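Enquirer: The structure under discussion is supplied below as structure tokens; questions concerning it will follow.
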Amino acid sequence: MSIEILRAREVPLGGPRALMVRRTLPHRDRSFIGAWCFVDHYGPTPVNRDTGMNLPPHPHTGLQTVSWLFEGEIEHRDSGGAHGPVRPGEVNLMTAGRGIAHSEVSTPETSVLHGVQLWLALPSPACDDAPRGFEHYAPAPVRLAAEPGEAEALVFLGALAGMASPVATYTPLLGAQLTLSADARVRLHLDPDFEHGVLLDTGTVAVDGIPLEHGDLACQDAGARELYLQAGPDGARALLLGGEPFEEQIVMWWNFVGRSHDDIAKARQEWQDRGERFGEVEGYAGRLTWLPAPELPNLRLRPRGRHGSAPRAAATHLTGTTG
Ligand code: MN
């Protein structure tokens, strides 16, 4: 099986202060790994009270947000009434359904921000559901067979090496943090029905013999039963993402996932109109009480999917995405 390397592009995160993030999905050459449709990787970035993450209330539709931190702490508030911290090693998942709004602010004590913001596309029936409560889970580490060296995983979604996450998903998925000691070699045994991606966070690693650079996402199509990882002399920390191929086409623009241009235009208008669809985020203390959507581009947004993505312009439609 061949490995496709997606290189990240640097994107300023939306909101009044721009935090630079490395985005690998969506990519010109690929829209999904399973239902994973958005991968932002950021930090380690030194921050203080003035320069940390401060995302005012903004909307989402048709997706789940999956927040995973390596360092720092973020305070989450959403219009479903959830309020709580996002901490390293603990997954936080928010299901937008037909519409939710949330704010994300790094805590005053946070001196380094380092993590990923991921989205999962919801399958069609779930796009019209009411938003579901915020889910939180702190996985215990599971050892992976390594020879030589040592390796462990934190399995936050799906199952790996006999460890299963209790967090329910709408499509079969995998999400795990992998930590490899210096020069460790690990053969991961995987579900051949899944496609997979390995995102390199720190250190160095080769996937099936191909070395990754910081922030690269190595992708493998469905059909493979294993992936072979070789860490470098400093070890490696990476994320493993997987899932059954997502067969639907989606339209992504700003913070919305829909099935058509009209879905997106309607969601945007209802957010701008401050109607009931997205609810209210209580307790956000920032200056901007809600984040206005950008103007829609002067052309119809085109769907993208695993069988042929939208034209190149689709990538630019995500400019200003808040995460
Ligand atoms: Mn968000």
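Enquirer: First check a/c for region 102-162, with a ≥ b ≥ c the square roots of the eigenvalues of its C-alpha gyration tensor; if it is under 1.5, answer rounded, and if not, answer prolate when a/b is larger than b/c or oblate otherwise. Intermediate values should be presented prior to the final figure.
Expert: Values: a/c = 2.85, a/b = 1.33, b/c = 2.15.
Taking the square roots of the gyration eigenvalues as a ≥ b ≥ c, region 102-162 is oblate.
Enquirer: Quick one: if the Förster radius is 22 Å, what FRET efficiency do residue 274 and residue 83 give, using the C-beta to C-beta distance and rounding to 0.05?
Expert: Details: r = 21 Å, r/R0 = 0.95.
Computed FRET efficiency for residue 274 and residue 83 comes out at 0.55.
Enquirer: Within 10 Å, Cβ to Cβ, of residue 235, how many net charges do the neighbouring residues add up to if Lys/Arg are +1 and Asp/Glu are -1?
Expert: Computed value for this residue: -2.
Enquirer: Next up: Which of the listed residues, 161, 245, 267, is farthest toward the dipole's positive end in the chain, when Lys, Arg count +1 and Asp, Glu count -1 at the beta-carbon?
Expert: The residue sitting farthest along the positive end of the dipole is 267.
Enquirer: Moving on. Distance between the C-alpha centers of region 116-170 and region 218-245? Whole Å please.
Expert: First find each Cα centre; the distance between them is then 15 Å.
Enquirer: Further, regarding this structure: Calculated FRET efficiency, residue 298 and residue 226, Cβ-Cβ r, R0 56 Å, to nearest 0.05? Intermediate results must be reported in sequence, preceding the final value.
Expert: On the way: r = 47 Å, r/R0 = 0.84.
Efficiency computed from Cβ-Cβ geometry: 0.75.
Enquirer: Could you estimate the translational diffusion coefficient of the chain from the Stokes-Einstein equation, with Rh from the Kirkwood formula over C-alpha pairs, at 10 °C and 1.306 mPa s, in whole µm²/s?
Expert: Rounded, D is 81 µm²/s.
Enquirer: With +1 on each Lys and Arg Cβ and -1 on each Asp and Glu Cβ, how big is the dipole of the chain about its Cα centre, in debye rounded to the nearest 20?
Expert: Rounded to the nearest 20 debye, it is 800 debye.
Enquirer: Separate question: Calculate the translational D of region 44-93 in whole µm² s⁻¹ from Stokes-Einstein, where the hydrodynamic radius comes from the Kirkwood formula applied to all Cα pairs, the temperature is 4 °C and the viscosity 1.567 mPa s.
Expert: Translational D for this selection: 105 µm²/s.
Enquirer: To the nearest 0.05, what FRET efficiency results for residue 51 and residue 28 with a Förster distance of 35 Å applied to their C-beta separation?
Expert: 0.70
Enquirer: On to the next question. Report the full-extension gain for the segment residue 210 to residue 9: residue separation times 0.36 nm, less the Cα-Cα distance, to one decimal in nm. Kindly include the intermediate steps, with their values, before the conclusion.
Expert: Numbers: separation 201, 0.36 × 201 = 72.36 nm, distance 1.97 nm.
Contour length minus Cα-Cα distance gives 70.4 nm.
Enquirer: Report the local net charge at residue 69: Lys and Arg +1, Asp and Glu -1, summed over other residues whose C-beta lies under 9 Å from its C-beta.
Expert: Details: positive: 87; negative: 71, 73, 90.
Neighbourhood net charge equals -2.
Enquirer: Less than 13 Å Cβ to Cβ from residue 43, Lys/Arg counted +1 and Asp/Glu -1: what total charge do the surrounding residues give?
Expert: Summing Lys/Arg as +1 and Asp/Glu as -1 gives -3.
Enquirer: How many nm is it between the label spots at residue 143 and residue 187, if each spot is 7 Å from the Cα in line with the beta carbon?
Expert: It is 1.9 nm.
Enquirer: Count neighbours as other Cβ atoms within 10 Å of each site's Cβ, and list the GluC sites (Glu not before Pro) in region 167-227 that are DSSP loop with at most 10 such neighbours.
Expert: Sites meeting the loop and neighbour criteria: 213.
Enquirer: Dividing the alpha-carbon radius of gyration of region 1-114 by 2.2 N^0.38 Å (N being the number of residues), what value is obtained?
Expert: After normalising by residue count via 2.2 N^0.38 Å, the value is 1.11.
Enquirer: Taking only Cα atoms, what is the 0 to 90° angle, nearest 10, from helix 261-272's long axis to the longest principal axis of the chain?
Expert: The two axes meet at around 60 degrees.
Enquirer: Next question. Based on DSSP H runs of at least 4 residues, each adding -39500 (n - 2.57), what is the mean residue ellipticity at 222 nm of the chain after dividing by all its residues, to the nearest 500 deg cm²/dmol?
Expert: Estimated from H runs of four or more residues: -1500 deg cm²/dmol.
Enquirer: Given Cα pairs under 8 Å that are at least 6 residues apart, what percent is the relative contact order of region 80-146? Display every interim value, and only then the final one.
Expert: Values: 55 pairs, mean separation 37.9, N = 67.
Computed value for region 80-146: 57 percent relative contact order.
Enquirer: Relative contact order for the chain using alpha-carbon pairs under 8 Å, separation at least 6, rounded to a whole percent?
Expert: With pairs under 8 Å counted, the relative contact order is 21 percent.
Enquirer: So what is the relative contact order of region 14-57, in percent, for Cα pairs below 8 Å that sit 6 or more residues apart?
Expert: 48
Enquirer: Among rounded, prolate and oblate, which fits region 131-201 when a ≥ b ≥ c are the square roots of the eigenvalues of its C-alpha gyration tensor, a/c under 1.5 means rounded, and a/b larger than b/c means prolate?
Expert: prolate
Values in this text are rule-based calculations from the coordinates and carry no lab data. Everything numeric in this text was worked out from a predicted model, so none of it was measured. Neighbour counts run over all protein chains shown; Cβ positions are idealised from the backbone, glycine included.
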